[in-house]
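Report on the following structure.
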Amino acid sequence: MATTRYNSNDFRRQLGSPRPKGRADTKDTLCRNILIYGHCRYEDAGCAFNHDQTKKSPKPDATTRKTLNVDSAPFTPAVSSQPSKKTFSSSHAASAAVFTPRATAATPTGTPTAQETDIPPAANTPSAFSNIAAIREFTPQQQNYDLTTNGAAAATQDASLNYDPFTMSSVASALPAAQYNPYASTDHTGLVAHGGAYFPSAQAGYQSLIPPSFHLYAPIGPYREDLQPWQRSTYDFFMPENLRLELQNKSHAALQTMTGTAALQMPQVGNYHTLVTLDKTSNRKSSSLFGYVTWVYKAVSGKTSRLYSLRRLEGFTVSNDQILRPVKEWKKITNGNIVAMQDAFTTRAWGDSSLMFSFEYYPLAETLMEHHFPNAQHKTSFRSNTNHQASETVLWSYIVQISNALNSIHSNGLAARCIDATKIIITGKNHIRLSSCGILDVINYEKSKPMAELQEEDFVAFGKLIVSLATNTPPTGLNLGKAIEQMGRNHSSTLKDMVLWLLNPPQASGQKTVKNLVAGINEHVMTAFDAQQRQSDMLYSELYREVENGRVLRLLMKLATINERTEYDKDAGWSENGDRYMLKLFRDYVFHQVDAQGRPVLDPGHMLRCLSKLDVGTEERIKLTSRDCETDFLVTYKDLKGAVQSAFGELLKGSGNGRGGPVASGSGHGVHHPSHRDRF
């Protein structure tokens, strides 16, 4: 509580010059108002003191000194190295009460401080009284009234009223040191020094830190937005809306099932069940790429319970047992731009001979044909005005990703053979993957071409795909010569030269390789790599914010395991007279509130606030009332948190293994599986 240093009435009486108390030489005494304010407003109203500053005051004798200093505090100055100099003190210190400090400073008594020795020479002259700021406050040598200021720093203080005889700073040195609080300090270098008190280490040279508080969100992460330090956006408090909506839509698509007669018509294929058709149309004709009628399904594996994508080739007959050998080679390839193949098998579940391929499943994935040419017809040669034009930046991103996939495929002695707009899917933001890889190797196993020729066909198909996307022309209506000429007018020469390198046959001196391709586009490879890293940083930052979003659930599970335990009804330690009774009332306070009319109050904000404060253990007090309204408790969240930890600790000891395990007999709640080790 802020208070004034002096009583207002007493201080008002000091504004005027003190009246003479029978003193004979008052006319030679300089008026105190002149010393303090530089003038005296009572000079012409009968003030009996001297108001002439140029007149030197005579040195008083012993009798006069005793008379003038009868009300001053007794003082014994320290030995000074300059006894000829005079030390001045303020007028308030002269009338201050006697002060006896409780603790002495560490400075020796006989050592002069900077405050004693650093007195301006002009202070010995009468002109020193004209500069009131030059008069320094006196601090006794034996005491240290400011624990944060040493003697050298005290010499720089001015003549303001900085001495308070009622201060408690001198008493602070006699009090015990407060426990180190890591949350109250901005300098966290002391964490290591004070961590030894919590976790003493047996290893030499090892220093452990205090345990982290998981209820706090650490605001770190390499992802940075173009905002000033004082600016905040809505996304700082919640997950971005577009990311949340994307994840929810993908989750909804992954859990989608068929109903009615359509679900009954779907058979169980091998180890896969719960098939859902992923095709956009119900009537599919022969595929121009595979030569067979194909169907795509989403299915659940009976072995792993994971979702997979099944591609069915209708009417395919296996004539050789070695036809599925390429599947083993494709299962070894793992690449971020390739949809990995899982298995291949034959089935007669639909009444015919069908060949099934199992691939990884990506919900809501769409092909490049569906994304960039949504209204294109396979047999038309005109461009649709509603197509999504791909910018050159997006094209370079596609080129880098397809090159990465081809590098992984060609280095394993295989060929993609599926670089087509209908077989490349988009699974994320500009993230593409080659799907259906390896199917043509199985279909054309008996009439396969040399691998060098197949890899050359990959480069040609790659170039045609880029030309189609750059000119916004569907692949079926592409005129290669005119499209390349148009691409040269609308895009950079580097992109055109790269496409020509892909389409033209290799020179006689060597063979085209992916390494030669990457060497010519290394600048764009670095750009795509940087964009991918920034996307990863953004997702990692969002994941880091959600790492402890289950803390409220863990607290609820603790409260649920403590309250209303029937096996401890006859135990006096668990009676409704101790800490557990307060936890029961706290449950009513959080979840069982009613309004004035007795209607239930369902306020999620109130529940989350109370549980968050309990998780932190704040000092806020709340009143818990019993159900009969005859008993009230005034407790803090800190006390309730201690009660939760104590009660739950006893439950862990009584559970046998400390983490889960069988429940007490007679509870009727079954047995907890020993492999479920939930972290509380």
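Worth a mention:
- Computed extension length for ASN242-LEU255: 2.7 nm, one decimal, from 0.36 nm per residue of separation with the Cα-Cα distance subtracted.
- The peptide list 513-521, 314-322, put in order of mean Cβ contacts within 10 Å with the highest first, becomes 513-521, 314-322.
- Theoretical gain in end-to-end length, ASP588 to ALA452 [0.36 nm per residue, Cα-Cα removed]: 41.4 nm
- Net lengthening on full extension, ALA45/SER626 (0.36 nm per residue, minus Cα-Cα): 201.8 nm
- With 24 Å as the limit on Cα-Cα distance, the pairs of LYS303/LYS447; LYS250/LYS429; LYS584/LYS653; LYS584/LYS638 that go past it are LYS303/LYS447.
- Placing a label point 7 Å from the Cα of THR274 along the Cα-to-Cβ direction, the residues of the range 307-330 with a backbone N closer than 12 Å are 307-308.
- Cα centroid separation, the range 389-412 to the range 286-320: 26 Å.
- Legend: calculated FRET efficiency, LEU556 to ARG599, from the Cβ-Cβ distance at R0 = 25 Å, rounded to 0.05, equals 0.60.
- As a proxy for reagent exposure, ranking LEU245, LEU434 by other Cβ atoms within 10 Å from fewest up yields LEU245, LEU434.
- Pairs from the list LYS332/LYS496; LYS423/LYS482; LYS331/LYS496 with a Cα-Cα gap above 29 Å: LYS332/LYS496; LYS331/LYS496.
- Of the residues LEU307, LEU355, the one with the fewest other Cβ atoms within 10 Å heads the list, and the complete ranking is LEU307, LEU355.
- In this structure, the amide hydrogen of TYR292, modeled 1.01 Å from its nitrogen in the peptide plane, lies closer than 5 angstrom to those of SER287, counting only residues at least 5 positions away or on a different chain.
- Cα gyration tensor, the range 251-538 - rounded (a/c under 1.5), prolate or oblate: prolate
- Whole-Hz couplings from phi, Karplus 6.51/-1.76/1.60, listed for the range 361-372; x for Gly and Pro: 10, 10, x, 6, 6, 10, 7, 5, 5, 5, 7, 9
Throughout, read-outs are computed from the coordinates displayed, never taken from laboratory work. Everything numeric here is computed off the predicted structure, so don't read it as measured data. All Cβ positions, glycine included, derive from the backbone under ideal geometry; neighbour counts span all protein chains shown.
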